[in-house]
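Just below is one structure, and these are the notes that go with it.
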Amino acid sequence: MIFALMQDVVPINGPTPGQGNVMLRSDKRPRPIVLRVNKGGCLQITFTNFLAKPPTPINPLQPVTRQASVRVNGMQLISGTTQSGATSGIAADGSYTGDNSSSLVDPGNKATYTLYASEEGTFLLYSGGSTFGTSGNTAGQLTAGLFGAVNVEPAQAEYYRSQVTAADLQLACQRQNPNDPNSPCQTTADGHLIINYDAVYPATHKYACRPVLKMVDIPRAPSPGVGRCLPIPNSLPQTFYTDLTAIITGPNHGRFPDNGPPVAVSPDRNQPFREFTIHYHEVTNATQAFTDFYLPPQITTTLTAGITATSTTPITVGSTAGFPASGFITTKNSETIQYSGLSATQIGTTQIVHGINSSAAAAASHSSITLYQAQDLSGMLAPGKDNFAINYGTGGIAAEILANRFKVGPMANCVECKFEEFFLSAWSVGDPAMVVDVPANVPLKVPPYPPDQPNKPAPLAKQLESYEVYQESNGTTAKPPTLGAPQPVAKATTAFYPDDPSNVYHSYLDDHVVFRILHAGANLTHVHHQHAHQWIHSPNDDNSTYLDSQMLSPGAAFTLEIDYNGSGNRNKTVGDSIFHCHFYPHFAAGMWSLWRTHDVFENGSRSQTGFRSPAHVRYPMVRSRLGRRSPLSCHCRRSRWLRCRHLFSSIGGRSFTAHRKRPIRPGRM
Ligand SMILES: [Cu+2]
């Protein structure tokens, strides 16, 4: 379950989306939705519920209720209109609580919620339809994915996309002939595009007349006969982009008139800033990269007679089919007996009796046993599986270590890849949470199949899911699909979603940066910990305490204004600075991301091999002091990606790149 703009969804079948018949457009990566509004402004949300009916029988991790809503912690309620048409102040709450009438929405219906932004900051957005789950780790629709944020920006702020493709940036340049949308782009002396922040897609483009960079803008439409985009009369500004990242500027994409008093560690707070929105959350049911993460298939058989703690008569099993020569036997009173080198008959006639007799706590009569195959690694691997996430992206370390040991993925042949220096960095493993067309865990025995497509079920994923379903269904003797031994044969050729390819957050050295961090989970507290960068607890106070960690409890949200000009901080650290939950069990289970500070311009060029790398995305530069672009960025060399060699593969839908002659060295401290 996710929230998305209506313009970002398409029907699965037929011409129109509807209940259960909706998916994201193929070039939009699933991410928590981020809405933006200025302090002192109102945000009106029209919410349509397209959730499908729950399946039968329902997965215990899914909420049964499919009523849903949008509610935002901490914003002021103005008015709402329920699905039945009733309007009131409390109807803006998106809840069904106490004596209040319900402002939830049934599947197929819609409602509106109008909220007032009284304070700057970030506010957790979620559904109030089902707030309880089946265990401590689940909280109904919240942990199923229905969350996002409302970022309240400074008064007079404007918002622009921080990451776009090279093709899109070409559409957002100042033209040499302003009246001719096809005339060449204006550039600086060294070839950088001069940006038109108000550019719209041409009337003939599939996104006709939408803004290219501006995230909230007045809607436009092609004018009949003229072929140009004209504002739709009497329309209010509308949200066109809900990216996690943004460039937030003052009026006319310039400086803010007054965005906080200067402090010693941040003397110029009126410059535009890059914004990163970071949701920490749990993963209730991720499909893991390798079958080793799952309990091996169980084989149950019957006994010819009951056995007790004092049994001395050998018992034979009813069926020996499928019994391996070694493994574990678990009896019904939870005793586990390891055996090896015995035939199936011997298991039945000797080991069971011995095991029962050796236990002082042995219980009543047993009529059946369950036998586990050997090599059950699921318990040992659980602490490093994909189980915690940031912004729907995860990077559990166990899959990365297994990939190295199985010799798949970009670090397949890395003999010195042993410990933390490789599995929590992009240096050897590639960018975390990148989705590619051919994952590294493609089994050798799977016949050739079409590469995965964005936002569609993948052939390999189907196999792993069916294996998981098998594990959850007790009693069946059907065997999971046979997966061949992993081999370094499958290589990805492209990364999906080039404007948002991974859990790496990009800025240029000295860009002013603001983090908006939120806890979108239900149970465990997290600690946002940032390497190589700091902020102060009270941003207006020269005597405030430095911080590099912030505790987050469920529902909490903080704004962190990074000091010393943000990117690179006081030490001018270029490269990757990791941030993560400081609890290692969460961190190892995927709750980490990278902040990448660039010192060369990322122009979206292709790699030498033709692989469409993350560098295919462009990062428009912030207009910094005096409204000019950063002199550093303007005079730096073009990206050296052209000279990079890419070794590429992936794990479990996440992909990893390895770059030789990488232009940026990891800056982890
Ligand atoms: Cu945590």
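Observations on the structure shown:
- Number of the condition not met by MET1 [criteria: (1) surrounded by 14 or more Cβ atoms within 10 Å (Cβ to Cβ); (2) part of a strand (DSSP E or B)]: (2)
- Residue within the stretch 535-554 that is closer than 30 Å to LEU169 by Cα, open to solvent by less than 10 Å² (accessible area, probe 1.4 Å) and more than 16 Å from the ligand (Cβ to nearest atom) present: no
- Residue in the stretch 181-200 that is part of a loop (DSSP other than H, G, I, E, B) and of a type in the set (Phe, Trp, Tyr) present: yes
- One residue stands out in the stretch 42-53 among those that are open to solvent by 20 Å² or more (accessible area, probe 1.4 Å) and either of a type outside the set (Val, Ile, Thr) or within 22 Å of the chain's Cα centre (by Cα) (or both): the one that is farthest from GLU275 (Cα to Cα), namely LYS53.
- The C-beta contact set for the stretch 530-550 (first residue within 16 Å of HIS512 (Cβ to Cβ), second residue open to solvent by 60 Å² or more (accessible area, probe 1.4 Å) and part of a strand (DSSP E or B), distance under 7 angstrom, 6+ apart or interchain) comprises GLN534/TYR546; ILE536/TYR546.
- Test result for LEU594, at pLDDT 95 or above, away from the ligand (no atom under 16 Å from the Cβ), crowded, with 16+ Cβ neighbours inside 10 Å and over 20 Å from THR394 (Cα atoms): no
- Yes/no for THR87 being more than 24 Å from ASP8 (Cα to Cα) and without any contact (Cβ under 8 Å) to a residue 60 or more places away in the chain: yes
- Restricted to the stretch 496-534, and to residues there that are at positive phi and out of contact with any strand residue (DSSP E or B) (no Cβ under 6 Å at 6 or more places or on another chain), the residue that is nearest to the ligand (Cβ to nearest atom) is TYR497.
- Enumeration of residues in the stretch 396-427 that are open to solvent by 10 Å² or more (accessible area, probe 1.4 Å) and on the phi > 0 side of the Ramachandran plot: LYS407
- Every pair of residues 6+ apart whose Cβ atoms lie under 6 Å, when the first sits in the stretch 498-510 and is of a type in the set (A, V, I, L, M) while the second is open to solvent by less than 10 Å² (accessible area, probe 1.4 Å) and part of a loop (DSSP other than H, G, I, E, B): VAL504/ASP431; LEU509/SER567; LEU509/GLY568
The values are calculated or read from the model by the stated rules, or taken from the named source; none is laboratory data. This one's a predicted model, so the numbers in the text were calculated from it and none came from an experiment. All Cβ positions, even for glycine, are placed from backbone atoms using ideal geometry, and neighbour counts span all protein chains on display. For the accessible areas, the whole protein counts, side chains as well, though only heavy atoms, and no ligand, DNA or RNA atoms are used. Shrake-Rupley method; radii C 1.70, N 1.55, O 1.52, S 1.80 Å.
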